[in-house]
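The values are calculated or read from the model by the stated rules, or taken from the named source; none is laboratory data. Worth saying up front: this structure is predicted, and the values here are computed from it rather than measured. Here Cβ is always computed from backbone atoms with ideal geometry, including for glycine, and neighbour counts include all displayed protein chains. Please note that ligands, DNA and RNA were not included when accessible areas were found on the heavy atoms of the full protein model with its side chains. Shrake-Rupley method; radii C 1.70, N 1.55, O 1.52, S 1.80 Å.
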Amino acid sequence: MYSSDYFKGKKITVMGLGLLGRGIGITKFLAEHGALLTVTDLKTKEELAPALEKLAELKNITYVLGEHRLEDFSKADMVIRAPNAPLDSIYLAEARKNNVPIKMDASLFAELVPEDVTLIGVTGTRGKSTAVQLVYEMLKLAGKSVYLGGNVRDTATLPLLDIVKSGDYVVLELDSWQLQGFDEDKVSPTIAVFTSFFPDHLNYYAGDMQRYWHDKASIFRHQKPGDKLIVSTQIQTEMWKHGESRKLDAIADVANVSDWKIRMRGEHNKLNVTLARETAKLLGVNDDVIKKVAESFGGLPGRQEIVGEANEVLYVNDTNGTSPEAVMAALESFSDYKGKIILLCGGFDKGLDYRELVAKFPEYLKALILFKGTASDKIEWEIGVGSWEIGKFVNMSTMHEAFAKAQELAKPGDVVLLSPGAASFGIFKNEYDRGDQFIAEVKAVKP
């Protein structure tokens, strides 16, 4: 059980500082609680300068940057690993060889939090962020003491240990990497919500969908008697396919919200609302409260976010749409703009198949603008030379260049949609940087 001196005097190696804020928050929390820290990252001191500046006043931190060292993993009392550390990492293998516990931010929090705190974990290839926020808002409006954690931008989960009290609720967004930590610690959230399952991160999983499913299914694998599992009908089917016999406590049916005035576009968002509704109902929230939140919620930044309209052109930021399925969902959400969509797409390939997405382009797009990258190469190959009668522009190396081309092509009544269907590596720091740059370009549009 956690107490404020739990980490005091422990030699802890933090693997991966990064720039998103989670590593910064973990490091700050541990340093302030008396841990003797070694922070190691493959990025250099120069690359990590913004993060290091935020930690400059903290003591008891040794930095090993631009490399990892085996001794930092063999002689520690604990390693807190980066979520996307390679499955075959020699450094994590070194820790295991020396019986050094390997932990992750969210799962360590789940391990140490008081037992009567209700943990609501949400995973899925698509939809988890929206479902998480909906559940959080529903519980909050119902007057419950609730916190957000997990895969939330700029936020570490461990610091919640100093805030969360017995009887509170914590809603955790959990990706497959974070769920590796839950599986290793043999813990699962009190209430598990599983939204969807599509191919993703297959570069990380070496094309092994079964391994990807294994990590995702850790959301419910170690639940205790009395814990709850809420899924979509797609996940129900996937569980059958994978031989999972776990009892289901609720299966989301979008028909149950068909007459609700939901502001978010797309059938997938009706599913997210339904999943959130089923979760809140299990926690005793009144349906009037649930409906009020569902009908007032306008969506999250970076997920089919309508940034604005200028010169009768609509601008939409879907930077978190990093898979072909996400792009298809965005196109369907804006189907009233068929033939008038200028799509900014592509980037770094995650081992995904773009055939089904590309087949939809002639129906939906006015033009396609591709960022330079391996995913864009695959998309261009699928299109085939000369197979289109619409504009195709490739190898854009900056957001400014891509946006300028979109501006050149856009006419009143069009929509400029950033929905990459790929990772951001190579051109952008991360998907948030990609979205922020797009928003900055939109704001600079002159009437």
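Table for the structure above
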{"read-out": "Rh (Kirkwood; distinct C-alpha pairs) - segment 34-149, Å", "value": "17.2 Å"}
{"read-out": "Quarter of Cα convex hull surface for the chain, i.e. mean projection, nm²", "value": "21.8 nm²"}
{"read-out": "Candidate residues Asp105, Asp287, Asp185: accessible-area rank, largest first, probe 1.4 Å", "value": "Asp287, Asp185, Asp105"}
{"read-out": "222 nm mean residue ellipticity, helices alone, for the chain (DSSP H n ≥ 4; -39,500 (n - 2.57); rounded to 500)", "value": "-11000 deg cm²/dmol"}
{"read-out": "Residue-span extension gain [Arg211 to Val64] - 0.36 nm each, minus C-alpha spacing", "value": "49.8 nm"}
{"read-out": "Accessible surface of segment 372-447 [probe 1.4 Å, protein heavy atoms]: carbon and sulfur percent", "value": "54 percent"}
{"read-out": "Candidate residues Tyr147, Tyr205: accessible-area rank, largest first, probe 1.4 Å", "value": "Tyr147, Tyr205"}
{"read-out": "For segment 63-115 and segment 9-56, distance of Cα centres in Å", "value": "13 Å"}
{"read-out": "Accessible surface of Phe198 - all protein chains present, 1.4 Å probe, nearest 10 Å²", "value": "60 Å²"}
{"read-out": "Cβ-based net charge around Pro199, under 9 Å, with every Lys or Arg adding one and every Asp or Glu removing one", "value": "-2"}
{"read-out": "Area accessible to solvent at Leu352, 1.4 Å probe radius, in Å²", "value": "10 Å²"}
{"read-out": "Highest-fluctuation residue, Lys360, Lys247, Lys350 considered, GNM on the chain with Cα pairs under 10 Å", "value": "Lys247"}
{"read-out": "Cα gyration tensor category, rounded, prolate or oblate, for segment 150-273 with a/c compared to 1.5", "value": "rounded"}
{"read-out": "Accessible surface, per residue, of the chain when the full set of protein chains is kept, probe 1.4 Å, Å²", "value": "43 Å²"}
{"read-out": "Extension reserve of the Glu382-Asn311 stretch, reckoned as 0.36 nm per residue once the Cα distance is removed", "value": "22.2 nm"}
{"read-out": "Rounded if a/c under 1.5, otherwise prolate or oblate - segment 315-442, Cα gyration tensor axes", "value": "rounded"}
{"read-out": "Reach of Lys10 by Cα under 28 Å, taken over lysines that are not fewer than 8 positions away in the same chain", "value": "Lys28, Lys43, Lys45, Lys54, Lys59, Lys75, Lys97, Lys103, Lys165, Lys186"}
{"read-out": "Environment charge at Met399 (Cβ cut-off 10 Å; Lys +1, Arg +1, Asp -1, Glu -1)", "value": "-3"}
{"read-out": "Stretchable slack from Lys165 to Lys429, in nm (0.36 nm times residue separation minus alpha-carbon distance)", "value": "91.4 nm"}
{"read-out": "10 Å beta-carbon shell around Glu278, net charge (K/R +1, D/E -1)", "value": "+1"}
{"read-out": "Simple Cβ-charge dipole of the chain, Lys/Arg +1 and Asp/Glu -1, about Cα centre, in debye nearest 20", "value": "380 debye"}
{"read-out": "Whole-percent carbon and sulfur share, accessible surface of segment 85-217, 1.4 Å", "value": "49 percent"}
{"read-out": "With DNA, RNA and ligands ignored, accessible area of Lys11 (1.4 Å probe; Å², nearest 10)", "value": "100 Å²"}
{"read-out": "Relative contact order computed over segment 291-337 (Cα-Cα under 8 Å; 6+ residues apart), in percent", "value": "26 percent"}
{"read-out": "Paramagnetic reach from Arg355 (point 7 Å along Cα→Cβ, amide N under 18 Å) across segment 193-207", "value": "198-200, 202, 207"}
{"read-out": "Max mean-square fluctuation residue, GNM over the chain, Cα-Cα springs under 10 Å, options Arg355, Arg126, Arg434", "value": "Arg355"}
{"read-out": "Protection proxy ranking of 324-334, 168-178, 373-383 - average other beta-carbon atoms within 10 Å, highest first", "value": "168-178, 324-334, 373-383"}
{"read-out": "Mean Cα-pair separation over length for the chain, i.e. relative contact order, pairs under 8 Å, 6 or more apart, %", "value": "12 percent"}
{"read-out": "Part-to-part distance (alpha-carbon centres) for segment 343-417 and segment 251-312, which is given in Å", "value": "29 Å"}
